[in-house]
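In what follows, a single structure is set out as C-alpha cells and then discussed.
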Amino acid sequence: MKLKKILCFLVIIISLSSCKAEKEKYKSKNLEVDTIFDSNFSYNYSNDDDEELENLGRLIKDKADDISDTDIINEKKDSNLEVSKEFTTKKEIEFRKNPFEDEDNIIEKIPENTKVEVIKNVSVDGKKWSKISYNGNTGYVKRGFLKAIK
C-alpha cells in the first residue's frame, strides 16, 4: 500500500516537472492610480446626510412650478385642454402639490365631475400634467383625467 502511494506521488512529481512553464513578461508603466483604498479617505455617515438629501428632494419638487413654457414647445397641444377654461374631472383624482407621483405629494382627492380651472399644461418625465386651480389651491393633476365643459 505504501509502495502504491509512493509510486503515485513520484508520477505526479515527474509529470508536473516535465510541463513547460513559460515566464510571462510585462512592461513596466509608471502609472499612479488613486483610489479610496490607497488614501486616507474616510466617509462618516450621519443623519445630517439624510436631512440634506430630503432638502434637495424638496427643492427639486418646489422648483417644478418654475418649469417654463419653452420646455413644452415640442409637445402637441391637447385640443380639449386649453388654458384658462373650466374642466371637470372624469373620475376621482389625486390633487398634488407638484407634478410627481409621490405619496407625500398628495394634497387631497378631487371627486368625479368636479369643476376645475386649468392654469397651464406641463410635461414632466414624459408624463402630462395640468396645473389647476381647485378649492382656492393650485396644484397638479394628470391631464388625462380632465374633460372640457361644453
note = In this structure, among LYS85/LYS127; LYS97/LYS147; LYS85/LYS109; LYS61/LYS91; LYS91/LYS128, pairs with alpha-carbon gaps over 19 Å are LYS85/LYS127; LYS97/LYS147; LYS85/LYS109; LYS61/LYS91
message = Through the Karplus equation 6.51 cos²θ - 1.76 cosθ + 1.60, θ set to phi - 60°, convert the phi angles of the stretch 94-107 into ³J(HN,Hα) values in whole Hz; use x for Gly and Pro.
response = 8, 8, 10, 5, 9, x, 9, 8, 5, 5, 7, 9, 7, 7
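Bear in mind that the values in this text are calculations on the coordinates, not laboratory data. Note that the structure is a prediction, hence the values are computed from the model and not measured.
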